[in-house]
Structures are given as C-alpha cells and as structure tokens.
1. For Leu156, are the conditions met, namely being free of Cβ contacts under 8 Å to residues at least 24 places away in the same chain and either over 24 Å from Leu46 (Cβ atoms) or not basic (Lys, Arg) (or both)?
2. Answer with yes or no whether Leu73 is touching a Leu at 6+ places or on another chain (Cβ under 6 Å), within 23 Å of Ala10 (Cβ to Cβ) and either hydroxyl-bearing (Ser, Thr, Tyr) or in a helix (DSSP H, G or I) (or both).
3. Scan the range 175-187 and give yes if some residue there is free of Cβ contacts under 8 Å to residues at least 12 places away in the same chain and hydrophobic (A, V, I, L, M, F, W, C), otherwise no.
4. Give the residues of the range 73-126 that are farther than 15 Å from Thr48 by Cα and touching a strand residue (DSSP E or B) at 6+ places or on another chain (Cβ under 9 Å), sorted by residue number.
5. Hey, among the residues in the range 31-49 that are over 17 Å from the mean Cα position of the chain (by Cα) and not hydroxyl-bearing (Ser, Thr, Tyr), which one's most open to solvent (accessible area, probe 1.4 Å)?
6. Do you know which residues across the range 138-149 are touching a Gly at 6+ places or on another chain (Cβ under 6 Å) and among the aromatic types (Phe, Trp, Tyr)?
7. Quickly run through the range 94-129 and pick out the residues that are over 13 Å from Ser204 (Cβ atoms), part of a helix (DSSP H, G or I) and among the charged types (D, E, K, R).
8. Applying the selection to the range 14-41, what residues are over 21 Å from Glu70 (Cβ atoms) and not in a helix (DSSP H, G or I)?
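The values are calculated or read from the model by the stated rules, or taken from the named source; none is laboratory data. These numbers come from a predicted model, not from an experiment. Here the Cβ is made from the backbone with ideal geometry for all residues, glycine too, and neighbour counts use every protein chain on show. These area figures cover heavy atoms from the full protein model, side chains too; ligands, DNA and RNA do not enter into them. Shrake-Rupley method; radii C 1.70, N 1.55, O 1.52, S 1.80 Å.
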Amino acid sequence: MKNNEDIKIAICFFGLTRSLKYTLSSIQTNVLNILSKNNIAYHIYLHTYNLEYLTNERSGEYNVKLNINEWKLLKPDFYKITNQDDFDKTIEIKNYLKCGDPWHEQKKGSPSVWNLLRQLNSLQIVYKMINKNYKCFLYLRPDLKYVNKLNINEVLDIIENSEQKIIYTPKWGRNLGLNERCYMGTKKSMDIVCNRINYIKEYSRKNKPHAERFMKNVINTNKIINKDFKLIGHRIRANGIVKK
C-alpha cells in the first residue's frame, strides 16, 4: 500500500459511463496496467450522472436504457454521482447561443450544446473533488475504447515538469480546434482547462460554443504549452456502436 505522498497521478473520469462495459478492458490494459508496470501509483476519481435513459439523435442513440451502477466497474477511490436534471435547471441555454448553434440544432433544442455544458460541469465537479497534491492529472472519458498504450514518457514529462503549464492533447479528433475527450497535464494547466465551464458563457458572446474550438481558445489564451498526446480512443455508443 502506497502512502499518499507516493501517489503522483490523479486519473479522472467524467461524463456518462454509457458504454463502460465495452471500454473497461481497454482502460485496464492500455492505461492502468501501464502505470502499474512502471511502478506509478494513482488514484481514480469519477463523476457521472444518474441518467437512466439516453437519447442522442446525432449519435444514433434512441431511448437507450443505461445501467446507473455501471460506473462501479472502474472501482474509483473517490466518486460523486449527481442528477442531470438538477444541473439543467441552472442553465439558460439562450445565453450560449448568441452566435448560433455550431451543430445547427436550434429547432431540436440544441441537444449537442446541452451535452457540452453537461460534460463541462462533470469535468469541473470531478476536478473540485481533488484535495491532494498530484504531479500529473489524466482525464479520460469512460466511453472511449483506448486502442494503444499510454506513453509512459509523456507521463514522466508531466511529473518532472509539474510546476509548468503543460497539457497533452491528441492529434486526432481536433475538428479545427483541440481534442477534449482525453488529455493529461500539470495542476497549473488543469486549474484552467478543467474549470473552463466558467469561461464558456463569455466565449459564446462572440463565438459558437464548439467543443474543440473552445478548448483550443482556452489553451491558447492562457498560454498553456500544448504537446501531442499519443493515446488514441474510439467512442463507443451506449448501444455498442463504435465511432472511430
């Protein structure tokens, strides 16, 4: 059993665990086992919503029943489960659509913008749960099937340069911005990136709230050093369909 001061990494899962039964083995094989083999200890943090049914027309998911206890498969050291409807009641969606909907879904109620805000809320909640000093913060969506191994040299780079503002983001899925589905960084960078829900309303006054472009804006505006994260993940829908 490692002492808390020996644990250098916080692994944080955020968003719906809609397909964890399909992705769990890849998380264990390509992330957790790699850290363990290199004698790097970690804590797992998790936030998700207790959503029972999921409908997302853009992703082809229609009234899919979710297992609200699926998150337990990750065996998190720390976790928080909240009600999505309670969060939704705090949002005036028109405040985020002043420049339009980047997915052109206004007539459908802008579901993708809603999902972006819910994800950003989940991200902030799991970050605020952390009250220990870690050298490295690894953020992963649980609905991604990771198809290659975590590069341990990238992890060591973050640990060795933990006093800088550094983030690793993937080269895939950038969509004219920066991928925000999985990333890794120092505390100084995560203080900004994981609280970016605080900035999106102001950003939306002059820009459409596009997930990847907003991510790029936050990183560039705050002069965070961005490096290429070699980890690759394929999204797995709640119905088991793979989105590469």
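1. yes
2. Judged against the criteria, Leu73 is a match.
3. no
4. Pro111, Ser112
5. If we take residues in the range 31-49 being over 17 Å from the mean Cα position of the chain (by Cα) and not hydroxyl-bearing (Ser, Thr, Tyr), then Lys37 is most open to solvent (accessible area, probe 1.4 Å).
6. Within the range 138-149, Tyr146 is the sole residue that qualifies.
7. Residues satisfying the conditions are Lys107, Lys108, Arg118, Lys128.
8. Hits for the range 14-41 are Asn38, Asn39, Ile40, Ala41.
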